[in-house]
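> Quick one: structure below, then a few questions.
The values are calculated or read from the model by the stated rules, or taken from the named source; none is laboratory data. Given the structure is predicted, the values throughout are model-derived calculations rather than measurements. Methodologically, a virtual Cβ is constructed for each residue, glycine included, from the backbone with ideal geometry; neighbour enumeration extends over all protein chains shown. These area figures cover heavy atoms from the full protein model, side chains too; ligands, DNA and RNA do not enter into them. Shrake-Rupley method; radii C 1.70, N 1.55, O 1.52, S 1.80 Å.
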Amino acid sequence: MLDIIIVSHNCREVLDDCLRSLASAPPGGPHRIVVVDNLSTDGTPAHLRANHPAVQLIEPNANIGFAAANNVGVRATDGELVLLLNPDTLVKPGALDRLCAALASVPAAGVAGPRIVDGTGRAELSFGRMLSPLSELQQKLLVVGNDRGVEWVMRVVDRMTRRLRRPDWVSGACLLIRRDVLEQAGLLDERFFMYTEDVDLCAAVRAQRRDILFVPDAEIVHLRGRSRSTAPAATRHAYRRSHVAFYEKHHPAWAAVLKAYLRLRGEWPVPNR
């Protein structure tokens with residue numbers, strides 16, 4: 001059984017598109033779709049009940065954050081595989097079957113992520129090395145150059161995403177994990193309200209001596225930013241809180257430096273959510 005867990009918050013339209021893509025290109029094996037709605041005010045729950053009755057809807061009655069909401073979905077299911085999927089994604093035919101097959105073919109692997117492209121077909125750099133000041137700078141340079149359409153950067157990113165890899169992490173926009181591995185990791189760390197929880201989870205999986213797979217022949221579309229555009233300031237604040245929490249957990253010596261840098265930019269401390 002594959003449990004597909006989607007966390008939503010005021011993203012009814014893109015969530016609807018995501019669910020329709022799953023309905024038109026469902027996984028070949030038994031699966032269940034669970035939406036954990038973080039107190040949407042755009043009518044998402046009512047829309048789901050009316051238009052997607054087969055989807056299991058869970059409402060925590062609060063905006064508990066991405067990591068915590070995913071954990072609610074995990075605890076409510078029991079499939080041997082768990083797929084964490086963003087609501088602003090479109091699943092292509094066969095993509096999830098190829099992703100599951102790739103994970104099954106490598107017993108040492110605990111996590112698998114697909115090749116992710118944007119709405120124009122441009123590849124995203126959806127994997128990388130463990131976050132540190134240097135790796136984060138390198139990643140950001142490639143991501144920004146790719147987003148801005150710098151030709152040579154786009155070519156580099158496209159080549160990077162064309163072969164099977166064993167990176168340190170893959171994006172939580174679409175992340176497949178074995179349930180026993182997820183449970184041994186302690187589920188997602190809920191100190192990360194939103195962002196970096198995927199990198200942290202993959203670090204916990206690697207600590208189990210499990211590999212992380214990047215699977216290029218499984219491809220999904222990520223309409224990046226659509227699900228967070230309704231509250232850009234809150235999203236930015238959540239990112240900063242998670243960014244600092246990540247460094248406090250994994251690179252405590254650098255956390256003070258990061259906070260000092262953010263203070264100079266007027267970005268720390270951020271308002272409470």
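> For the chain, state the semi-axes of the equivalent ellipsoid (square roots of 5 times the eigenvalues of the alpha-carbon gyration tensor), sorted largest first and rounded to whole angstrom. Working shown, then result.
Details: eigenvalues 140, 105, 75 Å².
Equivalent ellipsoid of the chain: 26, 23, 19 Å, largest first.
> Residues with amide H under 5 Å of residue 2's amide H, sequence separation 5 or more or different chain, H placed in the peptide plane at 1.01 Å from N; which?
31, 32
> Can you run phi through the Karplus equation (6.51, -1.76, 1.60; θ = phi - 60°) for the stretch 83-99 and list ³J(HN,Hα) in whole Hz, with x for Gly and Pro?
10, 8, 10, 6, x, 9, 10, 10, 8, 7, x, x, 4, 5, 5, 5, 5
> Which value, in debye to the nearest 20, gives the size of the charge dipole of the stretch 119-273 about its Cα centre, when Lys and Arg are +1 and Asp and Glu are -1 at the Cβ? Before the final figure, lay out the partial values.
Numbers: 27 positive and 18 negative charges, 62 e Å.
Using only the charged Cβ atoms, the result is roughly 300 debye.
> Also: Taking every alpha carbon pair in the stretch 80-187, what does the distance histogram look like in 5 angstrom bins from 0, in percent?
It works out to 2, 11, 20, 23, 20, 14, 8, 2, 0, in whole percents.
> Which values of log₁₀ I(q)/I(0), to two decimal places, follow from the Debye formula for the stretch 158-273 at q = 0.13 Å⁻¹ with a uniform point scatterer at every Cα?
Scattering profile of the stretch 158-273, log10 relative to I(0): -0.64.
> Follow-up. Any idea of residue 235's accessible area? Nearest 10 Å², probe 1.4 Å.
Solvent-accessible area, nearest 10 Å²: 20 Å².
> May I pose another question? Using a 1.4 Å probe on the protein heavy atoms, what percent of the accessible area of the chain belongs to carbon and sulfur? If you can, show how the numbers build up before the last one.
Details: 6760 of 12550 Å².
Answer for the chain: carbon and sulfur cover 54 percent of the accessible area.
> Would you work out the Kirkwood radius for the stretch 76-119? I mean one over the mean of 1/r across all pairs of different Cα atoms, in Å.
Working: mean 1/r = 0.0833 Å⁻¹.
The answer is 12.0 Å.
> A further question follows. Given an 8 Å cut-off on Cα distances and at least 6 residues of separation, report the relative contact order of the stretch 151-238 as a percent. Each step should come with its number before you reach the end.
Working: 64 pairs, mean separation 32.8, N = 88.
Reported as a whole number, the value is 37 percent.
> Would you mind pulling out the separation of the Cα centroids of the stretch 89-158 and the stretch 236-253, in Å?
After rounding, the separation between the Cα centres reads 22 Å.
> Now for a different question. How large is the convex hull of the C-alpha atoms of the stretch 1-147 per residue, in Å³? Walk me through the numbers on the way to the answer.
On the way: hull volume 20.4 nm³, N = 147.
Considering the Cα atoms of the stretch 1-147, their hull volume per residue is 139 Å³.
> Rounded to the nearest whole Å², what accessible area per residue is found for the chain with the 1.4 Å probe? Display every interim value, and only then the final one.
Values: 12550 Å² over 273 residues.
Here the residues of the chain average 46 Å² of exposed surface.
> Restricting to DSSP H runs of at least four residues, report the calculated mean residue ellipticity at 222 nm for the chain, -39500 (n - 2.57) per run over all residues, nearest 500 deg cm²/dmol. Let's see the in-between values first.
Numbers: 10 runs with 115 residues, N = 273.
Calculated at 222 nm, the ellipticity per residue is -13000 deg cm²/dmol.
> Using θ = phi - 60° and the Karplus curve 6.51 cos²θ - 1.76 cosθ + 1.60, what whole-Hz ³J(HN,Hα) does each residue of the stretch 249-266 get, with Gly and Pro shown as x?
Each residue's phi maps through the Karplus curve to give 7, 9, 9, x, 5, 8, 4, 5, 5, 4, 4, 4, 4, 5, 5, 4, 8, x Hz.
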